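Input: a single structure, listed below in structure tokens.
The values are calculated or read from the model by the stated rules, or taken from the named source; none is laboratory data. Here the structure is a predicted model, which is why all the values come from computation and not from measurement. Glycine also receives a Cβ, built like all others from the backbone with ideal geometry; neighbour counts cover every protein chain displayed. Areas reflect the complete protein model, heavy atoms only, side chains present, ligands, DNA and RNA absent. Shrake-Rupley method; radii C 1.70, N 1.55, O 1.52, S 1.80 Å.
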Amino acid sequence: HPSTTVAQVKPSPVRLDSALITISPRGFEPTAFSRAPGQFFILVENRSGLLAVNLRLDRVAGSRLYDVTVPHEQLDWAELLDLTSGEYILSEASHPGWMCHIIITP
């Protein structure tokens, strides 16, 4: 009988893309970015000086995906997103002018 060897295949680690957004006293930086569809980490750093930020992620002409209050003690919000093609807006509830447009390319 010929011996059969099965190659041990190690799964390669999946590298996830990430997006870093900083909230300054002037609002979101950057104010827009684009990504390919699929999973990526979003990290929002609160450097606004506000005691808490109420972050909202909405699909343009669609539904609200996240409504998160981040207390001052926590400062940052990180989330693994899996967005389909389209336009999204990250905003802060008490500052209507603070927006970050997220474009997920087709």
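Okay, here's what the table says:
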read-out: Looking only at the stretch 22-65, and only at residues there that are in a strand (DSSP E or B), under 17 Å from PRO96 (Cβ atoms) and in contact with a Cys (Cβ under 8 Å, 6 or more places away or on another chain), the one that is least open to solvent (accessible area, probe 1.4 Å); value: PHE28
read-out: Residues (part of a strand (DSSP E or B), open to solvent by 40 Å² or more (accessible area, probe 1.4 Å) and free of Cβ contacts under 8 Å to residues at least 24 places away in the same chain) located in the stretch 68-106; value: THR69, PRO71, PRO96
